[in-house]
Amino acid sequence: MIVTSAVRHAAAGTAAVLLVLPAPSATASPVTSTATVTSTSTATSTATATSTAVAASTAVATSSLREPTPPARQYLDRARLGRKGTQVQPLPGAPAVPSVSALSWVVADASSGEVLAARDAHRKLPPASTLKALFALTALPHHEPSEQHTVAHSELTGIGDGSSLVGVKEGYTYKVSDLWNGVFLSSGNDAVHVLAAMNGGWESMSRQMQEKARSLGALDTHVVSPDGYDAPGQVSSAYDLAVFGRAGLQDPVFTRYCSTAYADFPAGSWSYGIANTNRLLTGADGVARYPGLIGIKNGYTSNAGNTLISAARRGDRTLVVSVMNPQGGGGLAVYEEARELLDWGFEAADRVQPVGSLLPVRTKAVRAKAAAGSGTRAVSAAGGGRDAGGDGRAPRAGAEAVAAPAEDPAREAEPSGASAGLPLALVGSACTAALALWGWRRRSAHRAE
């Protein structure tokens, strides 16, 4: 397209030059010094006209080739989320950030990934069963919900004391969807152990989860126990939990499980009801249901305290909020503090500048891997521990990873050196040809004398 346009403009420039060149006279005249001066003057005038025509032609070509100005890019200081204390950039009329007791929290837009406000976002803390969100992101794509699995004795060994359980039994056959209901609703560590065994085993699952976290840009998370059970060195952060929540919303299957309030769990020839332990979803224990709540995952251990990833939709906006270890208000404070932060986020969404992003930073290594055909799939936004709760098949499309942000639009619009120089070279060649033709005609006129 650029080359064709350049050729057209080069032709136009050549025509302009030929039009301004005077036809050489065939009338005999004595060759004197005056004639020499006149000839020089004519050449100078012609050169000036040629230069003007070339400049005009080049200006037209440049105007035609100029790319549209990209939209202004908003600068985000990613280091800001690493600072201590509350980070927010209010605009005039923005509501005040609620004062909550959680050690760490994040409020973010699920579609854009923009962080609206946060407190100690990268503080490393035990995640409890909110780590099951990362477990689901990693393991969900590998087995269809309708697939059936008979539980072996070895798959139920090693479950931590005091773990929350959904009631998986050795020798019973379950659909994969039943096991995932046990993970999301009852925060069942027994269901996690069975699903981990189906995906390579406990240690392999930990490594897979670690790799998944890194691919999402969640660099604070260290996985030791995939079910979120307290283990030495196991940590995450409010930032990483928000990343997991946002990524989960991109998978309709994940979203369906995390937003299910009640389900039947099979027990051989009969079944029993289980309820989601996320009180904002069910309205249990005196906690009012949150309007538009999608769900995601809550957790608790004696070491981590109460933790929660929640998401809610209002109109065309979806927010993700993560809350870690409230210091006051009892065991239900995590829900009320999440409620306050969600309310604030919906009210303040258009009245604050973002203080960060949940999108991963694209490094050269990541770009090289993508260019090599790693097949990163794009996505679209949509209890725990002690007392709360690899079949090699290709993952489902749209359930693997959040697509990394696109390259700088300004950089993408820049033509390569070869393609940028080609139009100018063609214009120059056309001008040179025109001047050569003029010289030939001039010499022919002199010979005619």
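Loop-only check: which trypsin sites (Lys or Arg not before Pro) in region 146-235 are DSSP coil with at most 14 other Cβ within 10 angstrom?
169
Across bins of 10 angstrom width beginning at 0, how are the C-alpha pair distances of region 127-245 distributed, in whole percent?
P(r) for region 127-245, in whole percents per bin: 14, 50, 30, 6.
Would you please put 264-274, 119-129 in order of how densely packed they are, using the mean number of other Cβ atoms within 10 angstrom per residue and starting with the highest? Mind showing how you got there, number by number?
Numbers: 264-274: 12.2, 119-129: 25.0.
Output ranking for 264-274, 119-129: 119-129, 264-274.
Go through 325-332, 134-141 and give me the packing order, highest mean Cβ count within 10 Å leading. Spell out each step's value before the answer.
Working: 325-332: 14.9, 134-141: 25.5.
Output ranking for 325-332, 134-141: 134-141, 325-332.
Whenever you get a sec, compute what percent of the accessible area on region 185-316 sits on carbon and sulfur atoms (1.4 Å probe).
On the way: 2310 of 4470 Å².
Percent of accessible area from carbon and sulfur atoms in region 185-316: 52.
Return the subset of 124/212; 84/212; 84/132 for which the Cα-Cα distance in this structure is over 21 Å, preserving the input order. Walk me through the numbers before you get to the answer.
Numbers: 124/212 18 Å; 84/212 27 Å; 84/132 27 Å.
As for pairs spanning more than 21 Å Cα to Cα, those are 84/212; 84/132.
For residue 352, what residues show an amide H to amide H distance below 5 Å, using hydrogens built from the backbone and excluding near sequence neighbours?
Here 91 satisfy the definition.
Whole-Hz ³J(HN,Hα) for each residue in region 289-305, computed from phi via Karplus 6.51 cos²θ - 1.76 cosθ + 1.60 with θ = phi - 60°, x for glycine and proline: what do you get?
These are the phi-based 3J(HN,Hα) values: 4, 8, x, x, 5, 8, x, 2, 7, 10, x, 7, 9, 5, 8, 8, x Hz.
The values are calculated or read from the model by the stated rules, or taken from the named source; none is laboratory data. For clarity, every value in this text was computed on a predicted model and none was experimentally measured. Note that we place each Cβ from the backbone using ideal geometry, even for glycine, and neighbour counts take in every protein chain shown. Just the protein is used for accessible areas: all its heavy atoms, side chains included, with ligands, DNA and RNA removed. Shrake-Rupley method; radii C 1.70, N 1.55, O 1.52, S 1.80 Å.
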